[in-house]
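Structure first, then comments.
The values are calculated or read from the model by the stated rules, or taken from the named source; none is laboratory data. Keep in mind the model is a prediction, meaning the values are calculated, not measured. As a convention, Cβ positions derive from the backbone with ideal geometry for all residues, glycine included, and neighbour counts pool all protein chains shown. Protein only, heavy atoms only, side chains kept; ligands, DNA and RNA dropped before computing areas. Shrake-Rupley method; radii C 1.70, N 1.55, O 1.52, S 1.80 Å.
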Amino acid sequence: MTIAPTQVPVLDIPLARPDITEVERDAVMRVLEGPILSLGPELDAFETELALQAGVSYAVATNSGTSALHLTMLALGIGPGDEVITTPFSFIASANCILMVGATPVFADIDPLTLSIDPQEVQKKINSRTRAILAVDVFGHPAHWDALRDIASEHDLSLVEDSAESIGSTYRGRPTGGLADVAIFAFYPNKQITTGEGGALLTNDGNIASTARSLRNQGRSDQGGWLAHHTMGYNFRLSDINCALGRAQLGRLEEILAPRAQVAETYNRMLVDLPEIGTQYVASDVEMSWFVYVVQLASQFTSDDRDQVLLYLRDRGIGCSNYFPSIHLEPFYRTRFEYAPGDYPVSESISDRSIALPFYGSLPLRYIEAVVETLADAVAEVSPGANG
């Protein structure tokens, strides 16, 4: 059914908000007051601290997580004729980076609990053209990394961790960002920590790191001059201004994550009596760094029902989103690869029923209460069989 809109929003609650303090402002101002704004000491220090966070030897900061994924494909030598198995349930960059190097993304359906790629489905997709597996720590929850590592080793494949959403999470006691051959972080303003725009590639492989650094900086090498370009590269650099912001945020990581976890716990507690709403699963061997707070409508609800709930929330001033649409059903993927509904049913079912609610560490209790109350009203309005 269609819900009649209200005339005046009663709230003004954004979907996300970065956690910025005087610590970050002071760090940025120190760079602005100095002579070096790019390729300076803040970049070196940020990369060192990111590598330490992930438990790896090298970090290469970039201007976005997408750029870090692109560099990962290039550094692994993936190109035309190659296939990379990845998830359909993710932000689109995790598939687009494969297309960027002329390779083909091959989707494998997801685990309905963790929402990450299902290792059993990955096994079914491997063939002679497969070069890598690219898995995603969806919403901050690590993928099935040990199982994926076993598969990658068995078939001599590269393993890539898109940990754009999971900095601070751990899997079986090990930090994300260090669970594969190459990993990436991302620092867009809705992430746990932000550099404004930015990302990083992480690895224990010195050759991969060196290649990524050169490609990031217009193909220059560490030994060459500013106008000596040893290969075709890109301007994927991250300025010292961004790195200073990132260092300040990284230094406050636990301080930032703790209230986010508390907000998630509060949502969980308040939603437990709503049978129409499912909350995020967290495995017992995972320590969760909360990126977003996403709920799922029960299986009897349709995508149209979900969209009506979104409209109801937005009309009352509550930020929300359908998080994530399945990548294979995005218009240009359907056109290029002839995907159709039903190709990846688990991903599609989750996509059709998912709702991202307002989520940030400073979200007041009264706002959480208002969101839950409004969500309950919306679900009651659209519930199959309601009003008749």
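Output the residues belonging to region 335-369 that are open to solvent by 20 Å² or more (accessible area, probe 1.4 Å) and either within 16 Å of Asp12 (Cβ to Cβ) or of a type in the set (Val, Ile, Thr) (or both).
Across region 335-369, the qualifying residues are Thr335, Val346, Ser362, Pro364, Arg366, Tyr367, Glu369.
Could you go through region 257-267 and let me know if any residue there is among the small types (Gly, Ala, Ser), more than 17 Å from Phe359 (Cα to Cα) and in contact (Cβ under 8 Å) with a residue 12 or more places away in the chain.
No, there is no match, as no residue in region 257-267 is among the small types (Gly, Ala, Ser), more than 17 Å from Phe359 (Cα to Cα) and in contact (Cβ under 8 Å) with a residue 12 or more places away in the chain.
Which count do you get for residues in region 187-216 that are out of contact with any helix residue (DSSP H, G or I) (no Cβ under 7 Å at 6 or more places or on another chain), more than 15 Å from Leu250 (Cα to Cα) and surrounded by 20 or more Cβ atoms within 10 Å (Cβ to Cβ)?
So the count comes out to 3.
Restrict the check to region 345-356 and report whether at least one residue is modelled with pLDDT of 95 or more and assigned to a loop (DSSP other than H, G, I, E, B).
Scanning region 345-356 turns up no residue that is modelled with pLDDT of 95 or more and assigned to a loop (DSSP other than H, G, I, E, B).
Among the listed residues Thr104, Thr72, Thr86, identify the single one that is over 23 Å from Asn204 (Cβ atoms) and of a type in the set (Ser, Thr, Tyr).
Result: Thr104 is the single residue among Thr104, Thr72, Thr86 that is over 23 Å from Asn204 (Cβ atoms) and of a type in the set (Ser, Thr, Tyr).
Among Ser289, Ser284, which is the only one that is closer than 30 Å to Glu49 by Cβ, open to solvent by 50 Å² or more (accessible area, probe 1.4 Å), at pLDDT 95 or above and not in a helix (DSSP H, G or I)?
Ser284
Show the residue pairs that are 6+ apart or on different chains and have beta-carbon atoms under 9 Å apart, the first residue being within region 107-121 and free of Cβ contacts under 8 Å to residues at least 24 places away in the same chain and over 11 Å from Pro88 (Cβ atoms), the second being outside any loop (DSSP other than H, G, I, E, B) and not polar (S, T, N, Q).
Gln120/Ala147
Restricting the search to region 158-198, which residues are farther than 15 Å from Trp290 by Cβ, of a type in the set (Gly, Ala, Ser) and not in a strand (DSSP E or B)?
Gly173, Gly177, Gly178, Ala180, Gly196, Gly198 - these are the residues of region 158-198 that are farther than 15 Å from Trp290 by Cβ, of a type in the set (Gly, Ala, Ser) and not in a strand (DSSP E or B).
Kindly indicate whether any position in region 322-333 is within 20 Å of Ile92 (Cα to Cα), open to solvent by 20 Å² or more (accessible area, probe 1.4 Å) and of a type in the set (S, T, N, Q).
yes
Say we look at region 111-120 and pick out the residues that are open to solvent by less than 60 Å² (accessible area, probe 1.4 Å) and not charged (D, E, K, R); which of these is farthest from Thr86 (Cα to Cα)?
Per the stated criteria, the residue is Thr114.
How many of the residues making up region 121-150 are open to solvent by 10 Å² or more (accessible area, probe 1.4 Å) and assigned to a loop (DSSP other than H, G, I, E, B)?
5
Pairs, please: C-beta under 7 Å, at least 6 apart or cross-chain, first residue under 14 Å from Arg237 (Cβ atoms) and in region 25-42, second assigned to a helix (DSSP H, G or I) and open to solvent by 40 Å² or more (accessible area, probe 1.4 Å)?
Leu37/Ile241; Glu42/Arg247
Pull out all pairs, ordered by first then second residue, where Cβ-Cβ is under 9 Å, the residues are six or more apart or on different chains, the first lies in region 326-348 and is under 14 Å from Ser303 (Cα atoms), and the second is part of a helix (DSSP H, G or I) and open to solvent by 60 Å² or more (accessible area, probe 1.4 Å).
Qualifying pairs under 9 Å: Ser326/Asp352.
Looking at (1) in contact (Cβ under 8 Å) with a residue 24 or more places away in the chain; (2) not in a loop (DSSP other than H, G, I, E, B), which one does Ser153 not meet, given that it meets all the others?
So the condition that Ser153 fails would be (1).
Can you go through Asn268, Asn242 and tell me which one is out of contact with any helix residue (DSSP H, G or I) (no Cβ under 8 Å at 6 or more places or on another chain), crowded, with 19+ Cβ neighbours inside 10 Å and not in a loop (DSSP other than H, G, I, E, B)?
Among Asn268, Asn242, only Asn242 is out of contact with any helix residue (DSSP H, G or I) (no Cβ under 8 Å at 6 or more places or on another chain), crowded, with 19+ Cβ neighbours inside 10 Å and not in a loop (DSSP other than H, G, I, E, B).
Can you name the condition, by its number, that Leu274 falls short on among (1) under 21 Å from the mean Cα position of the chain (by Cα); (2) in a loop (DSSP other than H, G, I, E, B); (3) aliphatic (A, V, I, L, M)?
(1)
I'd like to verify a number: residues in region 358-374 that are within 15 Å of Val272 (Cβ to Cβ) and of a type outside the set (Val, Ile, Thr), how many?
Here the count works out to 2.
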